[in-house]
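Working notes for the structure below.
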Amino acid sequence: MLKKYFIFLLFILITGAELFAQPDFVAETKDISKAKRTHPYLLFDEAEKQTMLNRIKTVQADAELYEKIRWEGSRYLNAPMDMKIPEKNIHTRFYGVDEYRKYMNWHVEGALTLAFLYQMTGDKTYAEKAFEYAEKLCYLDSWINRAHYFEIIYSRVWPYNVKDDQVVFSYDITSSQYARGLSIVYDWLYPAMSRYQRDRIRGALLEKAITLVRGNYEYHWWATAYKCNWSAVCHSALGMAALALLNEDPHLTDVVARSYEGVWNLFENYGENGGWQEGRGYWSMQMEHSTYFMEALKRATSGKVNLFRHEKIRSHPCDFALFGLTAGFGDSQGEAVGNSSLINKLVAETGSTDAAWYRQNFIQSDGGIYDLIWPVPQVEAKQPDEFSVHFKGIDWAAMRKNFQPENITIVCKAGMNDDPHHGHLDCGTFNLSWMGHYFIGELKGAGYDEKYFGEMRWEYPKASSKGHNVVMVNGEEQAEAKYKDQPWKEGIGGKVVDFETNKSWDYVKMDPTNAYPGKELKQWNRWIILDKENNFTIVFDKVNCAKDAEIEVRFQPGVDFAVKNQQVLLQSGNSKMDMISVGNVTTQLKTGRLPKISLRVSEASDWHNYFSIVAKAKSGDNFIGTVFIPFNEQKSKVELKEVGGTQQLTCQLNGKVVKYEISENKVNRITK
């Protein structure tokens, strides 16, 4: 019996290792061109099309959506085709307008809408006009975003796993958008097109996408930038184009294999529970682009190659979108992310009840074509058992009682300052939201301008430390791990040291010390406690620096505020919140303002107001506690004292006394 047990254990270990090993990308895709496929096949086939048509007949919501698409098709069908190609202007992010991209968007959407209607109706009138729109795109010399031409993008600071010596910029995420769109148009229009028409679109996909990259991957910076959304977007579109052309160009299986590899490697850089360092908006963007390719690849291999089964996707398909709500860090946003068809597809492929609950409660239908192709699946929408989460790998954390707005939500981040594209110098920051408002939040910035991704990035208030809810000593801001043409500096950033969630209260401890150059700030630990039972928050900072140095704990309010004595009243409409500060050093409150400005010519400048707790450092550890509590006419009191090496913070609120003991290793709550 014992021998059988060891044999079984060995079998589990071996098969488990194979299950989670990196795939053989070439071997798994080399035979997909052997069978001739009948168009359409990328996203649906004839049988699935009939299922869609039956739903349109029997399901009111689908019938209404189809009617909307049909009317949109009428607009494209009746529109004149005399739109002139805009002149080349590479300074679109200075002038704030991109007419060339508007031109491309109009034509790709026209082609997609009419091609879909041809599939649904068989009416070749739709197909003929769809090709006219597609040919307008085929005629263009390039599909590249004007802001990504050499003159503009050359000065960019390149992300992780990319060499500094970058000089080729002939294929980008915007090219990918149109390559993906025309691949789908090619698939849907194929039965109605002449040989000339097929070759016209096929030639464009080869000239403006595939042959620009195939055999030259080493010259395209995004090809190995597996921590950057560009990698997923660009690889996915190339894979889609190759899959669309397999009947005519079966040798393009090498492009499919490389796209499979690129998307797989990017997924490997997700945190173990789905976190993505660039932020939730860029998670959504890359996931959407990837999903089209993932579906087409799964279909081409009869389900044998299924990226939806990648462990990071299968186990946590929408966790970052759901539990990361209100985490508007970096260049992303804290609101709900992910279009409805994307979330529908992820729910359908994974069966995640959490993701279904997110879709049901936070995502509205986009009302587009893909909502018919990937409708709301029959998966139970179940509220999660836990609401707070530590996103391991990126070291973000979210603490909440539930998703109801009357309860405070805290999201915070540590992690590395090694994302020169979309990261900010904000290690240790947090957002506090309540009643649908960010009482403490992020600076609202304008759209990207020409200099935002270069060396000037860290001077922008939105990306700098001074525009975040962090600590500064003598004005010293955080450092970045990567500067233009400079070697990477490893270990620049911080970490979540401890995270604990309970029924009544949560806390997180962050150590952002290594995010700073170390000249002024020697050590900083931040504890954030969310008292879910009493609906208030404690931000507790321990700062070590030179005696008499100025310590500033800065806060960026997202609502109106007024400072009086040692308190701040924050207010949005009838929702009011008090901020009370205490410390083992003498503190004072000060206010200031930062310019809200973009280098775009059309953007008007404005101000963003902030407030700070400022203290003159004493020898040893400096403790500053800040309490945020919904306003009550009964005055709240906060006291801080040290007892046997433990900092005890006592809050008197609404006739109740709550005491927290904070030490290096533990936080305890004592309630009277």
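The values are calculated or read from the model by the stated rules, or taken from the named source; none is laboratory data. Worth saying up front: this structure is predicted, and the values here are computed from it rather than measured. Here Cβ is always computed from backbone atoms with ideal geometry, including for glycine, and neighbour counts include all displayed protein chains.
Okay, residues lined up against (1) more than 14 Å from the chain's Cα centre (by Cα); (2) among the acidic types (Asp, Glu):
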position	(1), (2)
Trp230	no, no
Ser259	yes, no
Tyr282	no, no
Glu288	no, yes
Ala296	yes, no
Arg314	yes, no
Asp319	no, yes
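Is it the case that Val667 is loosely packed, with under 12 Cβ neighbours inside 10 Å and not acidic (Asp, Glu)?
It is false that Val667 is loosely packed, with under 12 Cβ neighbours inside 10 Å and not acidic (Asp, Glu).
Tell me the helices (runs of 4 or more DSSP H) entirely within segment 123-238 that contain at least 3 residues that are surrounded by fewer than 19 Cβ atoms within 10 Å (Cβ to Cβ).
Passing ranges, in order: 124-139, 195-205.
Across segment 615-653, what is the number of residues that are surrounded by 13 or more Cβ atoms within 10 Å (Cβ to Cβ) and farther than 24 Å from Arg554 by Cα?
3
Conditions first: (1) closer than 30 Å to His251 by Cα; (2) surrounded by 14 or more Cβ atoms within 10 Å (Cβ to Cβ); (3) among the hydrophobic types (A, V, I, L, M, F, W, C). Ala27 passes all but one, so which condition is the exception?
(2)
Kindly list, by first and then second residue, each pair from a residue in segment 628-645 that is at pLDDT 85 or above to a residue that is in a strand (DSSP E or B) and among the small types (Gly, Ala, Ser), limited to pairs with Cβ atoms under 9 Å and residues at least 6 apart or on different chains.
Listed pairs, sorted by first residue: Pro630/Ser575; Phe631/Ser575; Val638/Ser581; Val638/Gly625; Leu640/Gly583; Leu640/Gly625.
Looking only at segment 496-508, count how many residues are closer than 17 Å to Asn431 by Cα and within 24 Å of the chain's Cα centre (by Cα).
Here the count works out to 3.
Can you tell me which of (1) surrounded by 14 or more Cβ atoms within 10 Å (Cβ to Cβ); (2) farther than 24 Å from Tyr660 by Cβ; (3) of a type in the set (S, T, N, Q) is the one Thr591 doesn't meet?
Of everything listed in (1) surrounded by 14 or more Cβ atoms within 10 Å (Cβ to Cβ); (2) farther than 24 Å from Tyr660 by Cβ; (3) of a type in the set (S, T, N, Q), Thr591 misses just condition (1).
Going through segment 550-566 one residue at a time, which ones are acidic (Asp, Glu) and not in a strand (DSSP E or B)?
None - no residue of segment 550-566 is acidic (Asp, Glu) and not in a strand (DSSP E or B), so the list stays empty.
Which one of these is at pLDDT 95 or above, of a type outside the set (A, V, I, L, M, F, W, C), surrounded by fewer than 19 Cβ atoms within 10 Å (Cβ to Cβ) and not in a strand (DSSP E or B): Lys576, Lys547?
Going through Lys576, Lys547 in turn, the sole match is Lys547.
If I ask for residues that are touching a residue at least 60 places away in the same chain (Cβ under 8 Å) and small (Gly, Ala, Ser), which ones from segment 492-530 would you list?
Result: Gly493, Gly494, Ser504, Ala515.
Need pairs with beta-carbon distance below 6 Å; first residue among the small types (Gly, Ala, Ser) and within segment 423-440, second not in a loop (DSSP other than H, G, I, E, B); sequence gap 6+ or separate chains.
That search, which allows pairs on different chains as well, returns Gly428/Met510; Gly428/Arg526; Ser433/Thr409.
May I ask you to list the residues in segment 292-328 that are under 30 Å from Gly467 (Cβ atoms), among the hydrophobic types (A, V, I, L, M, F, W, C) and in a helix (DSSP H, G or I)?
Phe320, Ala321, Leu322, Phe323
Does segment 363-376 contain any residue that is under 17 Å from the mean Cα position of the chain (by Cα) and either modelled with pLDDT of 95 or more or among the small types (Gly, Ala, Ser) (or both)?
Scanning segment 363-376, I find at least one residue that is under 17 Å from the mean Cα position of the chain (by Cα) and either modelled with pLDDT of 95 or more or among the small types (Gly, Ala, Ser) (or both), so the answer is yes.
Of all residues in segment 76-105 being surrounded by fewer than 16 Cβ atoms within 10 Å (Cβ to Cβ), part of a helix (DSSP H, G or I) and without any contact (Cβ under 8 Å) to a residue 40 or more places away in the chain, which is farthest from the chain's Cα centre (by Cα)?
Taking the candidates together, the pick is Asn78.
Pick out the one residue from Leu569, Leu530 that is farther than 20 Å from Gly428 by Cβ and either part of a strand (DSSP E or B) or among the aliphatic types (A, V, I, L, M) (or both).
Criteria check complete, one pass: Leu569.
Taking segment 64-89, which residues are more than 15 Å from Glu132 (Cα to Cα) and in contact with a Ser or Thr (Cβ under 6 Å, 6 or more places away or on another chain)?
Glu72, the sole residue that qualifies.
Looking only at residues in segment 455-486 that are without any contact (Cβ under 8 Å) to a residue 60 or more places away in the chain and outside any loop (DSSP other than H, G, I, E, B), which one is nearest to Trp524 (Cα to Cα)?
Ranking the candidates gives Ser465 first.
For the condition surrounded by 19 or more Cβ atoms within 10 Å (Cβ to Cβ), on the phi < 0 side of the Ramachandran plot and modelled with pLDDT under 95, what is the one hit in Asp426, Asp449?
Exactly one of Asp426, Asp449 is surrounded by 19 or more Cβ atoms within 10 Å (Cβ to Cβ), on the phi < 0 side of the Ramachandran plot and modelled with pLDDT under 95, namely Asp449.
Every residue in segment 360-400 that is without any contact (Cβ under 8 Å) to a residue 40 or more places away in the chain and β-branched (Val, Ile, Thr), please.
Residues satisfying the conditions are Ile363, Val376, Val379.
I'd like to verify a number: residues in segment 343-385 that are on the phi < 0 side of the Ramachandran plot and in a loop (DSSP other than H, G, I, E, B), how many?
18
Kindly provide the set of residues from segment 616-627 that are of a type in the set (Gly, Ala, Ser) and either over 36 Å from the mean Cα position of the chain (by Cα) or not in a strand (DSSP E or B) (or both), ordered by number.
Ala617, Ser619, Gly620
Return the only residue of Gln383, Gln404, Gln378 being closer than 24 Å to Leu530 by Cβ and outside the structural domain of Leu570 (by TED's automatic domain parsing).
Gln383
List the number of the failed condition for Thr409; all other conditions in (1) of a type in the set (Ser, Thr, Tyr); (2) in contact with a His (Cβ under 9 Å, 6 or more places away or on another chain); (3) surrounded by 24 or more Cβ atoms within 10 Å (Cβ to Cβ) hold.
Of the numbered conditions (1) of a type in the set (Ser, Thr, Tyr); (2) in contact with a His (Cβ under 9 Å, 6 or more places away or on another chain); (3) surrounded by 24 or more Cβ atoms within 10 Å (Cβ to Cβ), the odd one out for Thr409 is (2).
Taking segment 332-358 as the region of interest, how many residues are at pLDDT 95 or above and within 27 Å of Glu261 (Cα to Cα)?
Residues flagged as at pLDDT 95 or above and within 27 Å of Glu261 (Cα to Cα) within segment 332-358 amount to 17.
Can you work out which of the residues in segment 60-90 that are at pLDDT 95 or above and of a type in the set (Asp, Glu) is farthest from Asp371 (Cα to Cα)?
Glu72
Given the residues Glu442, Glu480, which is the only one that is in the same structural domain as Leu599 (by TED's automatic domain parsing) and out of contact with any strand residue (DSSP E or B) (no Cβ under 9 Å at 6 or more places or on another chain)?
Checking each option against the conditions leaves just Glu480.
Has segment 51-59 got at least one residue that is among the charged types (D, E, K, R), more than 35 Å from the chain's Cα centre (by Cα), more than 16 Å from Leu246 (Cβ to Cβ) and modelled with pLDDT of 80 or more?
Within segment 51-59, one or more residues are among the charged types (D, E, K, R), more than 35 Å from the chain's Cα centre (by Cα), more than 16 Å from Leu246 (Cβ to Cβ) and modelled with pLDDT of 80 or more.
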